[in-house]
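Report on the structure given below.
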Amino acid sequence: MKPVPDHLQSDLKHAIRLEWWTLAWQTSIVVVMYFVLGSSQAMKSAWMEDLLGLVPAGIFLLSVHFERQPPTPKFPFGFLRVNSLAFLASASVLVFMGAYLLYDSVSKLIAMEHPTLGPITLFGETIWIGWVMMAALAYSVIPPVIIGRLKQPVSKRLRDKVLHTDALMQKADWMTGLAGILGVSGVGFGFWWADSVAAALIALDIAHDGLRAARVAIAELSDGMPRELGGTKIDKDAKALKSVLEKRHPGSEVRLRETGRFIAAQVTGPHLPDEPAPLEDLWTGDPAYSWRLANVSYAPKRD
Amino acid sequence: MKRLKPIHSVLLASGCLLLLAGCDDFPADPEGTMKQVQTSGVMRTGIVSGPGVEAEERRLAARAADAAGARPQFEEGSSEVLLRRLEKGELDVVFGQFAKASPMKEKAAFTASPEAKSPPSDEPVMRAAVALGENRWLMFLSAQMKKERADEAGS
């Protein structure tokens, strides 16, 4: 099976390009932030979030590569679920890293550690490092917010969960930048706790991203009903497909599951059709997504 | 709550920054060391005792105090004792020989050295130490040290 139908090939190419851009910009952000981390906890959290922002883009590119691999005798269904598998792994990293940073920030808050932000000399001029940090944080927001917005429509057309979650995370990245800037400027005003509080908020956001990614991956890996993109509710088109199949095969059990972007249906019942219906007749949902129905299998019911 | 659009927050943030840039007490000291030195007119100064280096440290301290409109009140002792008193807020500044990668880094913040060439990070050179987080005070003393360095290079 092709990773995407022909008419979506250009979208897929576009998505791949966007993810390479993400890797490039995000790397530049990680480098810039690294040099001005100082002893600010908020900067540390924001930097870690920027670093982890590389992960979904990498997973998308890897899974596109795997999707194209033909099935093998050992993996007869191909590698369409590699994305969810990798996504689950990275989600757990996000959750643990968020939890660790939260612990780190809160313990600094409890210890009442006063962050020291002193002078830095750039091009012979000595200025407060806080200004440089805020500039770096402002820079760190711009590329992800723009790229995230560009990714979102493509991810919807491709029905790509990793790409979509990545886009949502990036679109929300400005909040991290703002929290960091408020933390650093708070220290500038003499509120030592502002830094750790901002760091804790960013840590929560990282953990939240992780949980969101885990939810998306787990639904697919445990053969759940196809979900709405970026949500926990059951997909409307999948519901429609299920009721069509149930009408055609009364007394049978209809189960759907998701494999990558595709939906597979299984009808289990006593009266199986001699001549299965063509797939196009079964899809009553949004015609733009009719390509998602990959197959319907009919299985006799054991008494 | 209505969600803030990214563009609005960027505008908001840059507006705040412009406001701050016009502000003199930025960054501020959480414990107000700088203000306290200026208003009390006394800079409680620790000098780390050691062979033959104290004269230079006293001279530097006197010039820094002068720039802050205060006079130094000296106290000699070991770095261990002085830095602890600094941390408790019983001293405003400690002058002594500290390396850039000093093991005391967790206890105090250090200025750069007033000496012209930059030493290896593990070599102790003369620096001023202030309590962690007293950023305005640290900025002020760092500027003093830079001035010393410029004077030294000029002479």
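The values are calculated or read from the model by the stated rules, or taken from the named source; none is laboratory data. Here the structure is a predicted model, which is why all the values come from computation and not from measurement. Using ideal geometry, Cβ is built from the backbone for each residue, glycine included, and neighbour counts are taken over all protein chains shown.
Observations on the structure shown:
- Taking the criterion of being of a type outside the set (Phe, Trp, Tyr) and under 16 Å from A:Lys239 (Cα atoms), the residues of the range A:262-279 that qualify are A:Ile263, A:Ala264, A:Ala265, A:Gln266, A:Val267, A:Leu279.
- Inside the range A:178-194, residues that are of a type outside the set (Phe, Trp, Tyr), within 9 Å of chain B (Cβ to nearest Cβ) and touching a residue at least 12 places away in the same chain (Cβ under 8 Å) make up a count of 6.
- Residues in the range A:125-151 that are over 28 Å from A:Glu19 (Cα atoms) and of a type in the set (Phe, Trp, Tyr): A:Trp128, A:Trp131.
- Qualifying residues in the range B:39-53 (those that are surrounded by 14 or more Cβ atoms within 10 Å (Cβ to Cβ) and either within 14 Å of chain A (Cβ to nearest Cβ) or at pLDDT 90 or above (or both)) - the one farthest from B:Asp92 (Cα to Cα): B:Val48
- Only one of A:Ser185, A:Ser155 that is closer than 21 Å to A:Ala294 by Cα and either assigned to a helix (DSSP H, G or I) or under 17 Å from the mean Cα position of the chain (by Cα) (or both): A:Ser155
- Within the range B:97-141, if we keep just the residues that are within 14 Å of another protein chain (Cβ to nearest Cβ) and of a type in the set (Asp, Glu), the residue that is surrounded by the fewest Cβ atoms within 10 Å (Cβ to Cβ) turns out to be B:Glu106.
- Residue satisfying condition, being of a type in the set (D, E, K, R) and either surrounded by 21 or more Cβ atoms within 10 Å (Cβ to Cβ) or farther than 25 Å from A:Glu280 by Cα (or both), within set A:Glu228, A:Glu220, A:Glu246: A:Glu220
- Just so you know, in the range A:150-181 the residues that are surrounded by fewer than 21 Cβ atoms within 10 Å (Cβ to Cβ) and closer than 17 Å to A:Ala203 by Cβ include one that is modelled with the lowest pLDDT, and it is A:Ala172.
- A:Ala277 more than 26 Å from the chain's Cα centre (by Cα), over 30 Å from A:Arg157 (Cβ atoms), free of Cβ contacts under 8 Å to residues at least 40 places away in the same chain and surrounded by fewer than 18 Cβ atoms within 10 Å (Cβ to Cβ): no
- Residues of the range B:88-136 classified as outside any loop (DSSP other than H, G, I, E, B), in contact with a Lys or Arg (Cβ under 6 Å, 6 or more places away or on another chain) and farther than 14 Å from B:Ile47 by Cβ, total: 1
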